[in-house]
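> Quick one: structure below, then a few questions.
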Amino acid sequence: MDITLPELEQVINYWRTERPSTGEERALSPEVNDLAKLYALMIFHKQKTTPLEALDPVCRQLVEGWRKQAA
């Protein structure tokens with residue numbers, strides 16, 4: 001199964017709500033930071049989708065957590 005860029009945006013927004021930025025510098029949470037790196041790489045490589053199997057385990061778990069709550 002693949003994840004699309006619009007879905008990844010929704011995943012990022014979900015985790016931004018669950019794990020908001022912290023501190024005066026408004027640093028991203030580790031979860032959001034990992035997803036943002038994935039998003040940036042997809043944009044850089046002009047990928048509209050990417051297979052879930054290709055994601056690192058942390059990002060895959062975050063996507064699956066979002067899908068469970070969205071179902």
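Just so it is clear, none of the values below were taken in a lab; they were calculated from the coordinates. Owing to the predicted nature of the structure, the values given are computational and were not obtained by experimental measurement. Neighbour counts are summed over all protein chains in view; Cβ atoms, including those assigned to glycine, are modelled from backbone coordinates with ideal geometry.
> May I ask you to list pairs of residues, at least six apart or on different chains, whose Cβ atoms are under 8 Å apart, with the first in region 45-59 being among the β-branched types (Val, Ile, Thr) and the second being surrounded by 13 or more Cβ atoms within 10 Å (Cβ to Cβ)?
Thr49/Ile3; Thr49/Thr4; Thr49/Leu5; Thr50/Ile3; Thr50/Leu38; Thr50/Met42; Val58/Glu31; Val58/Asp34
> Could you tell me which numbered condition Thr22 fails, if it satisfies all but one of (1) over 26 Å from Ala71 (Cβ atoms); (2) in contact with a Gly (Cβ under 9 Å, 6 or more places away or on another chain)?
(2)
> For a quick check of your reading of the model, give me the residue pairs whose first member lies in region 1-24 and is in contact (Cβ under 8 Å) with a residue 12 or more places away in the chain, whose second is of a type in the set (Ser, Thr, Tyr) and part of a strand (DSSP E or B), with beta-carbon atoms closer than 8 Å and at least 6 apart or on different chains.
Asp2/Thr49; Asp2/Thr50; Ile3/Thr49; Ile3/Thr50; Thr4/Thr49; Leu5/Thr49
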